[in-house]
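The structure appears below as structure tokens.
The values are calculated or read from the model by the stated rules, or taken from the named source; none is laboratory data. Here the structure is a predicted model, which means the values were calculated and not measured. Every residue, glycine among them, receives a Cβ derived from its backbone with ideal geometry; neighbour counts consider all protein chains shown.
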Amino acid sequence: MSEQEIYPVPTAWADHARFDAAGYDTLYGRSLADPGSFWLEQARRLDWIKRPEIAGDWSFDEADFHISWFADGKLNVAANCLDRHLATRGDQLALIWEPDDPAEEPRRFTYRALHAEVCRFANVLKAQGAKKGDRVTIYMPMIPEAAFAILACARIGAIHSVVFGGFSPEALAGRITDCDSTILVTADEGRRGGKRIPLKANADAAAARAPALQTMIVVRATGGDVAMQDGRDVWYHDAVADVPATCPAEPMGAEDPLFILYTSGSTGSPKGVLHSSGGYLLWVSLTHEWCFDYRPGDVWWCAADLGWVTGHSYILYGPLANGATTLMYEGLPTWPDASRIWQVVDRHRVHTLYTAPTALRALMKDGDGFVHATDRRSLKLLGTVGEPINPEAWRWYHDVVGEGRCPIIDTWWQTETGGALIAPMPGATALKPGSATTPMPGVDPQLVDPEGQVLTGATSGNLVIARSWPGQMRTLWGDHARFFQTYFSTYPGKYFTGDGARRDADGYWWITGRVDDVINVSGHRMGTAEVESALVLHARVAEAAVVGMPHEIKGQGIYAYVTLNSGETASDELRAELINWVRTEIGPIAAPDKLQFAPGLPKTRSGKIMRRILRKIAEGDVSSLGDTSTLADPAVVDDLVAQRVA
Ligand code: WT7
């Protein structure tokens, strides 16, 4: 191999993993050479009510644009995650829940117990009128009832739309309204790092702006005080008291929607990414096995939140489809201190940990002592996701956390892709710190230049995927035209990821980050346009422009330039007020790290803001601002540089 720093496959993994290097080559080759029979064969791992005879049927061309997988198949996703395991592993643990407060007891559910809980939740939803195709919004803390609610929707064929508990009432209302949800599942309060989050109060505020909402099912999580509205709100513990613990699983077409998940784009309001039932479940089940070589008895921990796609795919659907024991953690990696994550590993004998680079950087900063204070001998594999991992954090994860024995599985994917597209297989792939390595079977990545020319050899470019895979999103809720426009119009005939990448001489892929106006804050996606719209809603703001800037822990931070209305004066108080304004309009993850008052923004003569210049200033790279001669008023740049927030 040509690049210097290479970590070969440990012999133990090469000997016992499902795939070695030759096995991967064969599998990958077959997947592209004969996709029809390859995918029908893979699909047999699921439990079908009617097994499909058609695999992929798709075209990315505008004239004939369509994407479908296993269209003649019928299945139920929740039955695949629960019922089919009852005979063989009914008494095995399916879900372990670790509470925020380490002094509290974990909760544990066998497959049999989880099945009963999901059936009960499904019966409660049905009693409230939910049926196949209805949208149910879920705004929950990381408690087992969130998992029950999600799987209950899948069981009855309702489409779930999970909204991260850190989002504001405003953001929640927008998401409820966009998909016309009439039912909201929430809890009295959430808990994270010892703090309470007023979910029910937020839900009430959201409901005031979402008139179509008819029902709120409220889980009592903390016992905190909440207001219940007669005729609209029901306590889950009351509603569940007299429903049966069995509920038939609704037969679903493979192409029937499973869920909507809102995510930020480069323009406009958040987009409702829609995933299907059969193709999605196959993809998350396969990739969970391929990337992590999951074996019965292993305890699997994906330390994400159910509010993001990582939680959907790798806390619930993938692992449960594979009959795994999956761990769900309510709290923060750094609370009560930076040992917590490793204490949880020891407490539950975790085999594989899957987390984000931002968490690793935060833990790394507190020193190795917190890691060394724990045993971690149960760990065999370590995964990462959400943003490019800097080699320094990679090495720390590998050397300090994994003591050199655990391969690092860096998985590149997106909300839109359903599951991992570029990632190593532990028995097959030699690793390079910072590279997501090689594509999954069936995945055909390419690099293109801005004109769409396909680039060959070792080079950099924009990352596109040249063919469909089963886990691909199917549409944007309510806006199929925007789906095509966003992902398939830039490079005709190809899915455009929005990422830039480099392919090295060994064919390894290195994701370099977004090439559009999306910022990756702590592994979460934030659209610059969304933050800008929130800022200009403030009565004293005339205009705003937002860009990403490097951030030591978060990967990227948010840098906002704000022009005030004439007559308004800039002050530190106003700066703090505006940052807080964004926090309450969208949520804490959208709050700008830095906010600069700018009397003018750099614009072209046609009025387009030149973000390239704003990015450079935010980065502190003011010596190479490039050509500013096309600006309507080049003088604004000097002022921006002078006023830069360091
Ligand atoms: C964007 C997708 C994947 C689930 C969590 C985030 C970036 C994601 C990696 C990785 C480099 C990565 C990309 C991508 N990203 N994983 N392993 N290496 N970059 O999902 O919110 O849809 O964000 O996250 O930029 O486009 P998301």
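In segment 617-627, the qualifying residues are those that are surrounded by 15 or more Cβ atoms within 10 Å (Cβ to Cβ) and under 16 Å from Lys603 (Cα atoms), and the one that is nearest to the chain's Cα centre (by Cα) is Ile617. Considering each residue of segment 353-366 in turn, none proves to be free of Cβ contacts under 8 Å to residues at least 12 places away in the same chain and more than 16 Å from the ligand (Cβ to nearest atom).
Being small (Gly, Ala, Ser) and crowded, with 21+ Cβ neighbours inside 10 Å holds for only one residue in Ser313, Ser378, and it is Ser313.
Matching residues to (1) surrounded by 22 or more Cβ atoms within 10 Å (Cβ to Cβ); (2) part of a strand (DSSP E or B); (3) away from the ligand (no atom under 16 Å from the Cβ); (4) free of Cβ contacts under 8 Å to residues at least 60 places away in the same chain:
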| residue | (1), (2), (3), (4) |
| --- | --- |
| Asn462 | yes, yes, no, yes |
| Pro470 | yes, no, yes, no |
| Arg482 | no, no, yes, no |
| Trp510 | no, yes, no, no |
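Considering the conditions (1) away from the ligand (no atom under 16 Å from the Cβ); (2) within 12 Å of Ile553 (Cβ to Cβ), Ala338 is excluded by exactly one of them, (2).
A search for C-beta distances below 8 Å between a residue of segment 23-43 that is farther than 15 Å from Val443 by Cβ and any residue that is surrounded by 14 or more Cβ atoms within 10 Å (Cβ to Cβ) and charged (D, E, K, R), counting only pairs 6+ apart in sequence or on different chains, returns Ala43/Arg51.
Note on segment 170-229: residues that are over 23 Å from the mean Cα position of the chain (by Cα), surrounded by 23 or more Cβ atoms within 10 Å (Cβ to Cβ) and charged (D, E, K, R) amount to 1. Residues in segment 53-69 that are out of contact with any Lys or Arg (no Cβ under 7 Å at 6 or more places or on another chain) and in a strand (DSSP E or B): Gly56, Asp57, Trp58, Ser59, His66, Ser68, Trp69.
Restricting Ile613, Ile519, Ile553 to residues that are surrounded by 18 or more Cβ atoms within 10 Å (Cβ to Cβ) and either outside any helix (DSSP H, G or I) or touching a residue at least 40 places away in the same chain (Cβ under 8 Å) (or both) narrows the list to Ile519. Put simply, of Gly369, Gly404, Gly386, Gly434 the only residue that is more than 29 Å from Leu282 (Cβ to Cβ), at pLDDT 95 or above, out of contact with any Leu (no Cβ under 8 Å at 6 or more places or on another chain) and within 16 Å of the ligand (Cβ to nearest atom) is Gly434.
Contact map, segment 371-394: first residue more than 16 Å from Thr352 (Cβ to Cβ), second residue of a type in the set (D, E, K, R) and within 12 Å of the ligand (Cβ to nearest atom), Cβ cut-off under 7 Å, separation 6 or more or different chains; pairs are Ile389/Asp410.
Does segment 458-481 include one or more residues that are of a type in the set (Val, Ile, Thr) and more than 23 Å from Ser266 (Cα to Cα)? Yes, because at least one residue in segment 458-481 is of a type in the set (Val, Ile, Thr) and more than 23 Å from Ser266 (Cα to Cα).
Determine whether Pro248 is surrounded by fewer than 21 Cβ atoms within 10 Å (Cβ to Cβ), touching a residue at least 60 places away in the same chain (Cβ under 8 Å) and more than 24 Å from Gly331 (Cβ to Cβ). No, not satisfied. Checking each residue in segment 407-431 for being in contact with a Cys (Cβ under 8 Å, 6 or more places away or on another chain) and either within 9 Å of the ligand (Cβ to nearest atom) or basic (Lys, Arg) (or both) picks out Thr411, Ala420, Ala423. Filtering segment 1-15 to residues that are touching a Gly at 6+ places or on another chain (Cβ under 7 Å) and assigned to a helix (DSSP H, G or I) leaves Trp13, Ala14. For segment 284-296, the criterion of a residue being more than 16 Å from the ligand (Cβ to nearest atom), over 29 Å from Thr497 (Cβ atoms) and small (Gly, Ala, Ser) is satisfied by no position. Within the option set Asp64, Asp15, Asp20, Asp91, being touching a helix residue (DSSP H, G or I) at 6+ places or on another chain (Cβ under 7 Å) and loosely packed, with under 13 Cβ neighbours inside 10 Å holds for one residue only, Asp91.
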